[in-house]
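Just below is one structure, and these are the notes that go with it.
The values are calculated or read from the model by the stated rules, or taken from the named source; none is laboratory data. No experiment lies behind these values; they were computed from the predicted model shown. Using ideal geometry, Cβ is built from the backbone for each residue, glycine included, and neighbour counts are taken over all protein chains shown. Surface accessibility is based on the protein's heavy atoms, side chains included, excluding ligands, DNA and RNA. Shrake-Rupley method; radii C 1.70, N 1.55, O 1.52, S 1.80 Å.
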Amino acid sequence: MSTELILIGVIVVALIFTLTNGLHDASSVVATFISCGAANPIQATCLAAIFGFIGAVIGGSAVANTVSAIVTMTTDAALLNVLLAGMIGAVIWNVVTWKLGLPSSSTHALVGGVVGAVLVSRGANYILWGWSDLWGANHLLVGITKIVAALILSPLMGFVVAFLLQTVSNILLRNANFTINRWIKNIQWLIAALLAYSHGTNDTQKIVGILSLALAAANYPFGQIAPVWISALGGGVMFVGTMLGGWSIMKTIGRGIYAIRPIHSLNSQLASGGSIILATILGAPVSTTHVVVGSIAGVGSAEEFRMVNWNIGKEIIIAWCITIPAAAIVAAMVYYILGYIW
């Protein structure tokens, strides 16, 4: 199999992954926006698609650099097979969880797929785990350690910020008239755009990092600089995925965790958008679904702790925990199958 054909395969599968990512995480972006009545599904998905695309194109490359650094293999043709197997494993797991309506993490699936393919092809020494840097003199967060830390801390940050915002809102608006909901719904259009923008900046960069590795492995001279056309291409596919929507996931997040009212939606969106933008600035790839679910639980806990459906939260956490190993196993199987075929 020629290097060019494998490169084309990696690009195609990466774009399919981006499409499934749009189905997954874009559902999280607009779930509360729709469920509280601030917008209908068509309006919400159009807004999310447009601002997600803008974020993808102008969002920078800090997250892409973090993702591309987790693989320490030599950037040659052999790396293309590994990336292809890893991406296929991530796509398969994303499709399975999308069909089941589980809001699992596309970031988990991507990391698990790449790690699984590298482990079976070259071994653990070719993955930048980051433990030595963490416990070294400078205590740096790099590689897998940085990604795992971001995936754990980002939903906690969303929870805390949303809890504080909702608590302050309850105090400030305790004597407010019911008609204020109209103003809150209008403001949500701006906040929803911010959340969609932050989703585009963070999620598209993960694919930019993988494609940059693939281009470098195929000896393209611009493979390491994340050219703008890769970001635009990824953003365009994410746009399509957002427009298609993941309605089962949207229902789970928008209605299954807590009874969302306009003020809850506003605070959860603000907490989620701010958390994701901060993570993007720091170069930390996070899951939009993680952060949004954490923020919804945060506003619900501030309002009425007992009314939060923690059982759905447990199911989601279980899905998150098994995503990395499941995607890794699938990617390892795909690598062996591709090796047998080729």
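For the stretch 214-232, the set of residues classified as modelled with pLDDT of 70 or more and open to solvent by 30 Å² or more (accessible area, probe 1.4 Å) consists of N219, Y220, V228, W229, A232, listed by residue number. Across the stretch 287-299, not a single residue is classified as open to solvent by less than 40 Å² (accessible area, probe 1.4 Å), at pLDDT 90 or above, touching a His at 6+ places or on another chain (Cβ under 9 Å) and over 27 Å from K185 (Cβ atoms). Filter the stretch 233-252 down to residues that are out of contact with any Phe, Trp or Tyr (no Cβ under 8 Å at 6 or more places or on another chain) and modelled with pLDDT of 70 or more and give me whichever is surrounded by the most Cβ atoms within 10 Å (Cβ to Cβ). Per the stated criteria, the residue is T242.
Residues in the stretch 26-57 that are of a type outside the set (S, T, Y), open to solvent by 30 Å² or more (accessible area, probe 1.4 Å) and either under 15 Å from the mean Cα position of the chain (by Cα) or within 19 Å of A297 (Cβ to Cβ) (or both): I34, F53.
Scan the stretch 169-182 for residues that are surrounded by 12 or more Cβ atoms within 10 Å (Cβ to Cβ) and assigned to a helix (DSSP H, G or I) and the total you get is 4.
Can you find even one residue in the stretch 75-91 that is modelled with pLDDT of 85 or more, out of contact with any Cys (no Cβ under 6 Å at 6 or more places or on another chain) and not in a helix (DSSP H, G or I)? Scanning the stretch 75-91 turns up no residue that is modelled with pLDDT of 85 or more, out of contact with any Cys (no Cβ under 6 Å at 6 or more places or on another chain) and not in a helix (DSSP H, G or I). Cβ separations smaller than 9 Å between residues 6+ apart or across chains give the following pairs from the stretch 102-131 residues that are without any contact (Cβ under 8 Å) to a residue 24 or more places away in the chain to residues that are buried (at least 21 other Cβ atoms within 10 Å of the Cβ) and among the basic types (K, R): G130/K146.
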